[in-house]
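**Q** Before anything else, here's the structure in question.
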Amino acid sequence: QVHLVESGGGLVQAGGSLRLSCAASGRTFSSYAMGWFRQAPGKEREFVAAISWSGGSTYYAGSVKGRFTISRDNAKNTLYLQMNSLKPEDTAVYYCAAHSGSAYYTGMGYSYWGQGTQVTVSS
């Protein structure tokens, strides 16, 4: 089992940047692929980005591609999401999640989830 804790959310103006972090503890962080998801009020949770266990492969939702960057530091057991050129429609609770298999890029089958961190983008 892996325990995940997100941080770094907050209030930012449109066009601004934030970096989210996800600290992992428990089983070996580097053995999991990782993903970021978000859920806006009244909407279903959606896939944002994913990264392989080594960090060598990354995948993004079309709505964030070119603006967000997912990365990881296995030595620090930490996952990151750098968010640039933020838009009001990026407002949501952001969650990190861990995947033990190979289909992590589909956004499905994630086993462990953090509690979420709120990101609010004002216009």
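The values are calculated or read from the model by the stated rules, or taken from the named source; none is laboratory data. Quantities reported herein were computed from a predicted structural model and do not represent experimental measurements. Quick reminder, even Gly has a Cβ in these numbers, built from the backbone with ideal geometry, and neighbours come from all protein chains shown. Note: accessible area is taken over every heavy atom of the protein model, side chains too, but ligands, DNA and RNA are not part of it. Shrake-Rupley method; radii C 1.70, N 1.55, O 1.52, S 1.80 Å.
**Q** Could you let me know the centre-to-centre spacing of the range 79-116 and the range 1-78, using Cα atoms, in angstrom?
**A** Value for the Cα centre distance between the two parts: 4 Å.
**Q** To check you understand DSSP bridge types, tell me what percent of the beta bridges within the chain (both residues inside) are antiparallel, rounded to 5.
**A** Numbers: 38 of 42 bridges.
The antiparallel fraction comes to roughly 90 percent.
**Q** Then there is this: Note down the net charge around residue 17, summing +1 for each Lys or Arg and -1 for each Asp or Glu among other residues with Cβ under 13 Å from its Cβ.
**A** Values: positive: 19, 67, 87; negative: 90.
Neighbourhood net charge equals +2.
**Q** Continuing with this model, one more query. Would you work out what percent of the accessible area of the chain, with all protein chains in place, is carbon or sulfur (probe 1.4 Å)? Numbers along the way, then the final one.
**A** Values: 2900 of 6160 Å².
That fraction is 47 percent.
**Q** How big is D, in µm² s⁻¹, for the chain by Stokes-Einstein at 20 °C and 1.002 mPa s if Rh is the Kirkwood radius over C-alpha pairs?
**A** On the way: Rh = 14.1 Å.
Translational diffusion coefficient: 152 µm²/s.
**Q** Taking the range 1-52, how much of its Cα-Cα pair set, in percent, is spaced more than 14 angstrom apart? Display every interim value, and only then the final one.
**A** On the way: 870 of 1326 pairs.
The share of Cα pairs beyond 14 Å in the range 1-52 comes to 66 percent.
**Q** Another question about this same structure. Determine the per residue accessible area of the chain with all protein chains present and a 1.4 angstrom probe, expressed in square angstrom.
**A** Details: 6160 Å² over 123 residues.
Accessible area per residue, the chain: 50 Å².
**Q** How large is the charge dipole for the chain, taken about the Cα centre, if only the Cβ atoms of Lys, Arg (+1) and Asp, Glu (-1) carry charge, to the nearest 20 debye? Each step should come with its number before you reach the end.
**A** Working: 10 positive and 6 negative charges, 26 e Å.
Dipole magnitude for the chain comes out near 120 debye.
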